[in-house]
Amino acid sequence: MIGTLAVLLLATPACPALPAKPACEGVLPVFEAGCATRWVCPADLAAQGLTSLDLSDTWTPPIFREEPSLGEAGKQPYKAVYLKLAAGEVDDPLVEHRAATDRYLEPYGIFPNITVVKARLLDAERHACHDAVDDADLAALERSVSPYEDPAVGRQRVKTLKGLEGQFRRELTRRAEAAAKEAAKEAARAAAQAAEAGIVGPPAPAPAVPAKAEYGPADFAALASEKKWAGPVAKWKKARNRVEAIRGMQEHLKCEGELDRSETSGVFGWNTQLALQIFQRKQFLGARSTLDAESRDHLIADSHELDFKALLRALRERVVAATGLLEDGSAVGRWGQVLGRTLDSNEFRYTLPDVPLPNGAEDAISPATEAAARALGWTTPDAATRWLESRADLASLVVAVKLPPPPPWHSAHMDLRAEVDRGDVWYDYPVGPSGRLRSHPIERRPSNTLYVKHGDQEIALVRWATTIGAWKEERLESGDVVYKYKNSDVGPRIWRHLVTGPSWLPPPSTPDDDLVQRGRRGWEIKTDIMGPSYASAFGLVMLIHHQPVVRKSGKTVYFDNGIRSHGSVSYRSIVRGASHGCHRLFNHLAVRLGGFLLAHRPHTVEGNLPVTYGRRFTYKGEALHVKLESRGFGFVFEPPVPVNVLEGRIRGRVRRPPAGSMPVP
């Protein structure tokens, strides 16, 4: 490892010596083309067209900004946890209940800090392991492989494959031996004829019989030309395609240190499924368990390249925070690339059917991220690795870089409004006559669009997939659990209250099953779902949908029906599922939205929001107690952001939200 680092240091391009620092507080180095070329005082950043970019390990998104003037109430309850998770410290159960198994948290809105990605890029042993894997069979995989089968079926498939290959080897060996015997007889006859003719010479060498190990897939496949072997070869090909692809995947997962080597080779078992989920989260793919084309391409890709893309994603979130940008191309369905690389998977670039929108904003985040990467010299995996290794001050580094100017509609107070389109809405009871659940076809998914008024035009900044309510389980006062329709309110609302690190206060109607899980010492409370946690029901940030009501006295009160726009750990539900009425967003997009609103709308800081919440109940003989003391950290927008929730397209026989309950199938 020492030799590798020495080579990296020697390969680092020489940069000119910096001039003397100016006499100002918080002076920053200005980076251009990978080198610090000069210094700048913070007060001079705007005049010189520069942006301060925080690369330190203490960086957090703007939603975790604190307010010292409020004392203890001005401290963010979740900030310390966020920093630990970004640093990869996930094994402490006091930090996060489920983080040790989630491991990589990008799909949950927490990107690794730069030091963590640096360690990945410098992990020579892991890179060498990946390079040594033969990817031929995995690369040839054309169909997705699902893990959802009986492990016994997978083991039988491996056994069948081994048995067929044994048959093929025996047949090919038999043929080779027969050919060798015939060749030996022919050689003996030739020698006898030569002796009769008086020809004297050295004896001919005996023909060699190929060893069993010399036969491979090409030899087995060639047997298919014979009618007798066509069927067995076809059966072998079908089994081999799946088994060898799984083996290739398993080898890469072992390189990542995520798969026990005792896992059955070629069987997509439980351990392999969990290891693949962890790998998928690490690559920002979303944990879908299936070995699909996108996962296959990431498994066989250069591991240096994958780490470099993670570095660019981490840089992108810091650029977003520094610039106040939100425009990601979703309003026009065109996501840009950074240095020729697509940083987001298909899961997180979901295009809604009705985009591009008129006056939709183009992606401004990708060009800004690329400009920052070029200024820092992070243009290739090797260049970024050399740069990171050369910096001894990375943990506390803040730099200045030149980025593209923001869109012309950006200001400290933007005229914003949001629109939630509920898409296709089904009120019909989703249970058939047989008592089984049935799905309703959705052609138009719900969407959440943010607009800005600019001059005489309205610009659609982003259009993101979201969720609406559906039929869900609910507990009655009697204790019975029934199905009830969880409606998403329609009509004008406002975003007035933004809460970061929010807690979810389970209502009495929440079934006990939703609040408990099996722990080491029996049943225990799911503390992560209540928060504060990236895995809480509201994710890392939420916006309350208030309905202003003017009393006769003239006083305005803000009615809260429990509906929010919020981040969600259930990211797969956002493009294919439903909620309990709220409008879910990908956690990292909710974090961006919160930071954008704080940068572009006047607001006051409420700070920590104390609450007294408790719930005691008995679950399967065990007494459990839920206790929460904080709702999160609050900000209040004045004026608030108007939100209009559209009715959507009502489908099915039932035309209004059902008020009663139905039996659970």
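Here, each number is a calculation from the coordinates, and none is a lab measurement. Being a predicted model, the structure only gives us computed values, none of them experimental. Every residue, glycine among them, receives a Cβ derived from its backbone with ideal geometry; neighbour counts consider all protein chains shown.
Things worth noting here:
- Sparse packing (at most 15 other Cβ atoms within 10 Å of the Cβ) combined with a DSSP loop state is found for none of the GluC sites (Glu not before Pro) in segment 228-296.
- For the residue pairs Lys79/Lys118; Lys21/Lys84; Lys402/Lys453, alpha carbon separations beyond 24 Å are given by Lys21/Lys84; Lys402/Lys453.
- Derived scalar couplings ³J(HN,Hα) [segment 67-73; Karplus, 6.51 cos²θ - 1.76 cosθ + 1.60; whole Hz; x for Gly, Pro]: 10, x, 5, 8, x, 4, 5
- Residue-span extension gain [Ala412 to Ser573] - 0.36 nm each, minus C-alpha spacing: 54.6 nm
- Under 17 Å from the Asp480 label point (7 Å along Cα→beta-carbon), backbone N, segment 623-665: 659-665
- Restricting attention to the chain, close to 85% of DSSP beta bridges with both partner residues there are antiparallel.
- Cα centroids of segment 35-82 and segment 335-362: 28 Å apart.
- Förster radius 30 Å - calculated FRET efficiency between Glu214 and Gln273 (Cβ-Cβ, nearest 0.05): 0.25
- Computed from the C-beta positions of Arg334 and Ser52, the FRET efficiency with R₀ = 25 Å rounds to 0.30.
- Separation between Cα centres of segment 266-315 and segment 538-608, rounded to whole Å: 31 Å
- Equivalent ellipsoid semi-axes - Cα gyration tensor, segment 150-246, angstrom: 42, 12, 9
- Amide H contacts under 5 Å for Gly632: Ser503, Leu609, restricted to partners 5 or more places along the chain or on a different chain, H placed in the peptide plane at 1.01 Å from N.
- Nearest-ten-degree value, helix 365-376 long axis tilted from longest Cα axis of the chain: 70 degrees
- With respect to the chain, whose longest principal axis is taken over its alpha-carbon atoms, helix 303-323 is tilted by about 10°.
- Taking every C-alpha pair closer than 8 Å and separated by at least 6 residues, the mean separation divided by the residue count of segment 157-305 gives a relative contact order of 19 percent.
- Label-point separation, Ala178 to Glu125 (7 Å along Cα→Cβ), nm: 5.2 nm
- Chain lengthening between Ser69 and Asp382 when straightened (0.36 nm per residue, less Cα-Cα): 108.2 nm
- Remark: spin-label model distance Ala194-Lys235 equals 4.7 nm, labels positioned 7 Å along the Cα→Cβ axis.
- Helix 2-11 vs. the chain, principal-axis angle (Cα, 0 to 90°, nearest 10): 70 degrees
- Met662-His440 FRET efficiency (beta carbon distance; Förster radius 25 Å; 0.05 resolution): 0.95
- Length released on extending from Arg653 to Val549, taking residue separation times 0.36 nm less the Cα-Cα span: 34.1 nm
- Any cysteine of the chain lacking a neighbouring Cys Cβ under 4.7 Å - listed by number: Cys582
- Residue order, fewest to most beta carbons within 10 Å, for Thr369, Thr351, Thr618: Thr618, Thr351, Thr369
- Sorting Phe279, Phe348 by the number of Cβ atoms found within 10 Å of their own Cβ, with the fewest placed first, yields Phe348, Phe279.
- Normalised by the number of residues in the chain, the average gap of Cα pairs under 8 Å and 6 or more apart makes the relative contact order 17 percent.
- For Ser579, residues with placed amide H under 5 Å, excluding near neighbours: Ile468, Gly469, Ala470
- Two-site label geometry, Leu646 and Val431: point separation in nm, points 7 Å out along Cα→Cβ: 3.3 nm
- Rounded to the nearest 500, the helix-only mean residue ellipticity at 222 nm of the chain stands at -10000 deg cm²/dmol, with each DSSP H run of n ≥ 4 adding -39,500 (n - 2.57).
- Under 22 Å between alpha carbons - lysine pairs in segment 150-246 that sit 8 or more apart or on different chains: 20
- Residues of segment 510-548 with amide N under 15 Å of the 7 Å Cα→Cβ point at Glu629: 532
- Sorted ascending by nearby beta carbons within 10 Å, beginning with the fewest, Cys129, Cys255 become Cys129, Cys255.
- Under 21 Å from Lys486, Cα to Cα: lysines that are on another chain or at least 8 residues apart: Lys472
- Peptide packing: for 177-190, 153-166, the average count of neighbouring Cβ atoms within 10 Å per residue gives the ranking 153-166, 177-190, highest mean first.
- Largest-first principal axis extents, alpha carbons of the chain, Å: 130, 79, 54
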